[in-house]
Amino acid sequence: MNKVFLSVLCLSSVLMFPALAETKVAEMPTSQQQAKQSVAKSELIKINSATAEELSTLNGIGESKAAAIVEYRKTHGNFSSVEQLTNVKGIGEKLIEKNRSQLSL
């Protein structure tokens, strides 16, 4: 009797859990990181005109670094090169290299 009960229990759990997993995956919203990556891959970011929100779609650029880029641009004028981003606090060469294919003036 116990073997039958355990067999039924195992079979029902195998049948129920995949359905629950599919439901939860369908209900979960797309993560912000996935959204950032899809936006960043699909278009170039013009550092001389991009908003903080657009800049924050780049890898390694959060809201505070994006705001710092916009503030630097307001204070010092447009960037003459992508490399000039290193003048912004918190932006280094590695970060620029990681995003170079997505950056333009």
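Side notes on the structure shown:
- Counting the residues of region 57-78 that are aromatic (Phe, Trp, Tyr) and closer than 19 Å to Glu43 by Cα gives 0.
- Listed by first and then second residue, the pairs linking a residue in region 62-87 that is within 12 Å of Ala50 (Cα to Cα) to a residue that is part of a loop (DSSP other than H, G, I, E, B) and aromatic (Phe, Trp, Tyr), with Cβ atoms under 9 Å apart and 6 or more places separating them unless they lie on different chains, are Ile69/Phe79; Arg73/Phe79.
- Identity of the residue in region 66-86, part of a helix (DSSP H, G or I) and among the hydrophobic types (A, V, I, L, M, F, W, C), that ends up most open to solvent (accessible area, probe 1.4 Å): Ala67
- Count of residues meeting criterion [touching a residue at least 12 places away in the same chain (Cβ under 8 Å) and either in contact with a helix residue (DSSP H, G or I) (Cβ under 7 Å, 6 or more places away or on another chain) or in a strand (DSSP E or B) (or both)] in region 88-99: 5
The values are calculated or read from the model by the stated rules, or taken from the named source; none is laboratory data. Quick caveat: nothing in here was measured; it's all calculated off a predicted structure. Neighbour counts run over all protein chains shown; Cβ positions are idealised from the backbone, glycine included. Surface accessibility is based on the protein's heavy atoms, side chains included, excluding ligands, DNA and RNA. Shrake-Rupley method; radii C 1.70, N 1.55, O 1.52, S 1.80 Å.
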